[in-house]
Amino acid sequence: MGRELKGPTGLFYEDLEVGDTAKTMSRTITEADIVNFMGISGVFEELHMSTEYIKEHSMFGQRVSPGPLTFIIAEGLAIQLGLIHHTGMALLGIDNMRWPAPTFCNDTVHVVLEVLDKRESTSKSDRGIVNFRHTVRKQTGEDVLVMDKVRLMRRRAA
C-alpha cells in the first residue's frame, strides 16, 4: 500500500511511488455552476436547463450536472492539491473516462488520486511519465467519474 501524499509543493517524478494516493477537498456543485457552465460552453441541453423538461422527460427527476462540468470541477480540485505545481509538464492524455453515476445539482464531490504506474522518458532524462487514476466521489460515497490521466512530470536535476 502506498503513502498518502500532501501538497502544496509540487512533487517530482522521483517523489511518486506506485500506490500513492491523495484526496482533495470537497466542493458542492450548485445551480449557478450548472447555469454558468452552460453559458460558457454552449451546452444548452434541456436535461440541464429546463425544470419542466426534467419533470416530464428526465429519468433522473432532478437537475443533473453535465458530465464535462463534473470533469472540470474535479480537475480544479486535483490541481488545487498542489502536487504538480511547477513539476507537471503536460497532460498527455485521459484514458477510460467513465461516468458510472450521475452528479446532481447540490451534490458535493471530492477526488481520490492514485499513482497507477510510472516510467522514465526514453527521449529526455529531465522528465518521466506518470499514470494517475482520478476517482470522483460524491457525498454518498458513490463514484460519479473515473478516469486515468497520463502526465509528463519533471525529474529532479542530476
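The values are calculated or read from the model by the stated rules, or taken from the named source; none is laboratory data. Computed from a prediction, not measured in an experiment: that's the story for all the values here. Positions of Cβ are generated from backbone atoms using ideal geometry, with glycine treated the same way; all protein chains shown enter the neighbour counts. Just so you know, the surface numbers come from the protein's heavy atoms only, side chains and all, with ligands and any DNA or RNA stripped out. Shrake-Rupley method; radii C 1.70, N 1.55, O 1.52, S 1.80 Å.
Table for the structure above
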read-out	value
Among the residues listed as 90, 101, 74, the single one being buried (at least 17 other Cβ atoms within 10 Å of the Cβ), in contact with a strand residue (DSSP E or B) (Cβ under 6 Å, 6 or more places away or on another chain) and at pLDDT 95 or above	74
Members of region 40-56 that are farther than 15 Å from residue 102 by Cβ and open to solvent by 50 Å² or more (accessible area, probe 1.4 Å)	40, 41, 44, 46, 49, 51, 52, 53, 55, 56
Hits in region 113-158 (condition: under 22 Å from residue 30 (Cβ atoms) and either open to solvent by 30 Å² or more (accessible area, probe 1.4 Å) or in contact with a helix residue (DSSP H, G or I) (Cβ under 7 Å, 6 or more places away or on another chain) (or both))	134, 136, 137, 139, 140, 141, 142, 143, 144, 145
Condition check for residue 69: modelled with pLDDT of 95 or more and closer than 25 Å to residue 26 by Cα	yes
Every residue from region 102-153 that is closer than 14 Å to residue 78 by Cβ and either among the basic types (Lys, Arg) or not in a strand (DSSP E or B) (or both)	133, 137, 149, 151
Count of residues meeting criterion [at pLDDT below 95 and open to solvent by 90 Å² or more (accessible area, probe 1.4 Å)] in region 10-35	1
